[in-house]
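Please read the structure below before turning to the comments.
Derivation of every value follows stated rules applied to the coordinates shown; laboratory data play no part. Just so it is clear, the model here is predicted, and its values are computed rather than measured. Every residue, glycine among them, receives a Cβ derived from its backbone with ideal geometry; neighbour counts consider all protein chains shown.
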């Protein structure tokens, strides 16, 4: 890693950027940002203070990354994506255009998030999952490993979706509910606490 020259315009001189990174002249890179080898930064990208971009990641036009947020190596972040402060995108994730990932959210490795998705604050999506276009995951929800959510799904605040689940398009899950592992929920279903594949979300004491 090398220090960036003050002549780099919109790149703060305290940023640490590998020589092999390709960075648009219109990008804005704040103080103490770290960018590893073979990264591509598109036009108008903004990287907040203390953010990190891992090796071979690609950030397309208009991406904004909040302070102390992390984009893992090999990830592809689509146009106009917003990544909030202290959010973490793990390795090889694919984030579709115009998606918003709120502060403190965590996206696991090899996960695909399609365009126009909203990920709420402190929401966790574990690895090898797929989130369909237009889906909304409200704050503090969690999606288990290798789970697929269809398009226009809505998860209420604090929802827990077990591992290896499949939820069809336009499914709604009420707040604070756990969908049991290996569940299959059909298109358009409304999952309440009385649903046969639902249970109360465990508490830390359980």
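Numbers for the structure displayed
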item: Residue 157/residue 19 FRET efficiency (R0 35 Å; Cβ-Cβ; nearest 0.05); result: 0.20
item: Three-way shape call for the range 107-154 based on the alpha-carbon gyration tensor, with the a/c threshold at 1.5; result: oblate
item: Principal semi-axes in Å for the range 73-122 [√(5λ), Cα gyration tensor, largest first]; result: 14, 13, 8
item: Debye log10 I(q)/I(0) for the range 153-206, one point scatterer per Cα, at q = 0.16, 0.17, 0.23 Å⁻¹; result: -0.39, -0.44, -0.80
item: Potential extension, residue 166-residue 26 segment - 0.36 nm per residue separation minus Cα distance; result: 46.3 nm
item: Fully extended contour minus Cα-Cα distance, from residue 203 to residue 37, at 0.36 nm per residue; result: 55.5 nm
item: Three-way shape call for the range 111-206 based on the alpha-carbon gyration tensor, with the a/c threshold at 1.5; result: rounded
item: Percent of beta bridges antiparallel (DSSP, the chain, rounded to nearest 5); result: 10
item: Rounded, prolate or oblate (a/c below 1.5 giving rounded, otherwise prolate when a/b exceeds b/c) for the range 39-172 by Cα gyration tensor; result: prolate
item: Centroid-to-centroid separation of the range 89-144 and the range 35-61 [C-alpha atoms, Å]; result: 18
